[in-house]
Amino acid sequence: MTLSILLMGVFVGFLVGLTGVGGASLLTPVLILIGIHPSIAVGTDLLYNSITKLFGTIQHWRQKTIDFKLVKMLATGSIPGVIIAVILLRLFESSYHNQETIIKHALGYVLIMVAVATMFKVFFGHKLKENRWQLRSLEEKRGLVITIGAVLGFIVGLTSIGSGSLYAIAMLYLFRMSPALLVGTDIAHAFFLATTAGILHASIGNVNYTLVLNLLIGSIPGVIIGSMLSTKAPTNVLRTIIASLVLISGLKLI
């Protein structure tokens, strides 16, 4: 089991380093499909994500490619959203004993959303024209940004998925940002969100720490190797393939 998890970590890390997508969208459904309980898969993935996002946040902070005002505004909505999601999961489990079913179905639908969002970004992201929201200041969009943060935060708390991909699509549509600033802001916010959600899931026993450690040991060299090869790889083709795999995983879980 340890060797297979290590190899899985290498594979997922490699794909993330190579294409910039994957992560939880691949890891959580794979963990469930190999027999890990859905709640443990979600909690473990969130804690794993928190640790990996920490290193990305530090690097982007050094590069000054993080909009901390936007991170704070998103977190104003997403942190309460993720707290509500975990509390509801706990209540449903204690009252109806159907936590596993809720997580699997929610995961399936969110995976489909992530697959569609990834394909949209690949094929149409560069074609997005300036819209009225992009022309408004951050303060003018405060209510909308906090609402988006809350809705997507709830989704992340429920499934562990979307802390990167779904927020990136929202920021792409709402803001005029350089690619580096968008990625850095997205990663920094994902770190705070995944950390909060990971701690909450850990507090109710939904984290397998040995699994987290094995995944980290495998994914670190995987990310490094993938990043080294990323400049030579047909990134959009690979992202489309990954999105297709995520879509199939989502359909299987519904």
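Restricting the range 30-61 to residues that are within 13 Å of the chain's Cα centre (by Cα), crowded, with 23+ Cβ neighbours inside 10 Å and not hydroxyl-bearing (Ser, Thr, Tyr), the residue that is nearest to Val183 (Cα to Cα) is Lys53. Pick from the range 157-180 the residues that are of a type in the set (Gly, Ala, Ser) and either at pLDDT below 80 or in contact with an Asp or Glu (Cβ under 6 Å, 6 or more places away or on another chain) (or both): which of them is surrounded by the fewest Cβ atoms within 10 Å (Cβ to Cβ)? So the residue we want is Ala180.
Scanning the range 40-55 for residues that are among the β-branched types (Val, Ile, Thr) and under 19 Å from Thr185 (Cα atoms) yields Ile51, Thr52.
Being surrounded by 13 or more Cβ atoms within 10 Å (Cβ to Cβ) and over 23 Å from Asn236 (Cβ atoms) is the requirement here; does Phe154 meet it? Yes.
The conditions of being touching a residue at least 40 places away in the same chain (Cβ under 8 Å) and in a helix (DSSP H, G or I) are not met by Ala170. For Lys104, indicate whether it is among the basic types (Lys, Arg), surrounded by 15 or more Cβ atoms within 10 Å (Cβ to Cβ) and farther than 26 Å from Ile146 by Cβ. Taking the combined requirement at face value, the residue satisfies it.
The values are calculated or read from the model by the stated rules, or taken from the named source; none is laboratory data. Keep in mind that this is a model prediction, so the values were computed, not measured. Positions of Cβ are backbone-derived with ideal geometry, glycine not excepted, and every protein chain shown enters the neighbour counts.
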